[in-house]
Each structure stands twice: as C-alpha cells, then as structure tokens.
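The values are calculated or read from the model by the stated rules, or taken from the named source; none is laboratory data. Values in this document were obtained by computation on a predicted structure and should not be read as measured data. Quick reminder, even Gly has a Cβ in these numbers, built from the backbone with ideal geometry, and neighbours come from all protein chains shown. Heads up: the accessible areas ignore ligands, DNA and RNA and are worked out on the full protein's heavy atoms, side chains in. Shrake-Rupley method; radii C 1.70, N 1.55, O 1.52, S 1.80 Å.
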Amino acid sequence: MELLEAIAARRSVRRYQVRPVARETIEGLIRTATLAPSASNVQPWAFGVIEDGGMLSEISDRAKAYLLAALEQTPALEHYRAPLSDPTFDIFYQAPALVGIYATAESAFATGDCSMAAYTLMLAAREQGLGTCWIGFAIAYLNAPEAKASLGVPAAYQAVSALVLGYPDGAYPTPTPRNAPEVVFWREG
C-alpha cells in the first residue's frame with residue numbers, strides 16, 4: 001500500500017477480531033512511530049502496551065467512571081453520559097492491544113510531537129492491514145496518579161494518545177467524505 005493510499009484509507013476501527021497482534025509487529029509499529037518528526041529532535045515519547053483483555057476491561061470501567069465523575073466540569077462530554085453509564089460499553093472495543101503514548105519531556109511541543117508519533121503508528125498499522133482507533137475516553141484516566149502507579153508510568157509523564165490496535169472484524173471501514181479545507185489566507189509574492 002502506498003503512503004497516499006494509506007492516508008486516504010485509514011479510518012477508526014471499532015470492531016476487532018479476537019486474534020492477537022504479534023509482539024514483533026507491535027514493536028515494529030512503535031519503532032516506526034519514533035520516526036515521526038519532533039521539535040528540536042527532542043523525541044519526547046514513551047510507549048506503554050497492554051495486551052491483557054482483563055486489564056483492558058478494568059481500565060475501560062475505571063476510565064468511564066472517571067469521566068462520569070468529571071461530567072459537571074466538562075459539559076462538552078455530557079452527550080456521552082449514556083454510553084459511559086452503560087456497563088457493557090467497552091471504550092476499547094474489545095481490541096486485543098492498547099498502545100499508550102506518553103509525553104516524557106517538559107516541552108511546549110510534546111503534545112504535538114506525540115500526536116505525530118501516534119498518527120505515524122496509525123498509518124503504519126493501516127499499511128499492514130491492522131486497524132486502530134484513538135481512544136480519547138482513556139486519556140484522563142491514564143493521566144490519573146492511580147493509573148500511572150498501577151502501570152509503572154513515571155508521575156511526570158503525560159498520556160497524550162491511547163490507540164487500540166488489532167485486526168478488523170469484517171470489512172475495513174470505508175472512507176467517509178471530507179469537508180473541503182478552509183483556507184483562511186494565501187498570499188502570493
């Protein structure tokens with residue numbers, strides 16, 4: 001698959017096969033993610049991988065409870081109350097693996113750098129026939145002191161991205177139409 005094809009075809013996958021992704025494949029995707037650009041070449045990222053389904057289910061439940069408790073402070077999430085309250089809703093969509101990307105450095109650009117690493121991983125996964133989905137619901141909990149302590153993440157690190165990874169169950173989602181880009185300025189010589 002060519003790069004432009006992978007970019008055009010990448011979509012969030014929310015249904016996964018039960019089969020695991022080989023450790024070597026995940027390690028290769030992480031190595032590829034580190035090829036992303038970073039401001040001043042700081043490379044402010046660290047990765048965490050969870051392949052334990054029971055642990056993923058437990059983290060899903062804790063993340064939902066964490067978000068529900070914070071709904072009053074984050075009214076933009078209010079429309080998610082129903083799914084977050086549903087005990088059968090798994091924020092990780094029963095994916096066999098979760099890759100967390102953490103900002104390790106005090107840098108004004110670490111969030112952007114780690115986001116580029118996440119997108120690089122997502123494109124590399126798509127090229128290999130794997131599906132991914134960025135799980136924003138997990139970020140607040142992964143940044144909670146209790147979650148960091150239980151996972152062995154240094155307290156100063158900040159979760160930027162949580163990507164589920166696996167083999168899509170069924171057809172890969174079809175590309176959705178994109179809005180035309182809004183160009184707010186274009187100045188020529």
### Task
Return a yes/no flag: does segment 68-85 have any residue that is closer than 19 Å to Ile139 by Cα, open to solvent by less than 60 Å² (accessible area, probe 1.4 Å), in contact (Cβ under 8 Å) with a residue 24 or more places away in the chain and in contact with a helix residue (DSSP H, G or I) (Cβ under 8 Å, 6 or more places away or on another chain).
yes
### Task
Spot the failing condition for Phe137; the list is (1) at pLDDT below 95; (2) assigned to a helix (DSSP H, G or I), and only one is missed.
(1)
### Message
Can you tell me which condition Thr132 does not meet? The list is (1) touching a Lys or Arg at 6+ places or on another chain (Cβ under 8 Å); (2) surrounded by fewer than 19 Cβ atoms within 10 Å (Cβ to Cβ), and all the others hold.
### Response
(2)
### Residue tally, condition of a type outside the set (A, V, I, L, M), at pLDDT below 95 and open to solvent by less than 30 Å² (accessible area, probe 1.4 Å), over segment 1-55
1
### Query
So how many residues does segment 140-189 have that are among the aromatic types (Phe, Trp, Tyr), over 27 Å from Thr74 (Cα atoms) and either touching a Gly at 6+ places or on another chain (Cβ under 8 Å) or buried (at least 16 other Cβ atoms within 10 Å of the Cβ) (or both)?
2
### Message
Please go through segment 97-112 and give me each residue that is hydroxyl-bearing (Ser, Thr, Tyr), farther than 15 Å from Ala147 by Cβ and either assigned to a loop (DSSP other than H, G, I, E, B) or in contact with a helix residue (DSSP H, G or I) (Cβ under 9 Å, 6 or more places away or on another chain) (or both), ordered by number.
### Response
Thr104, Ser107
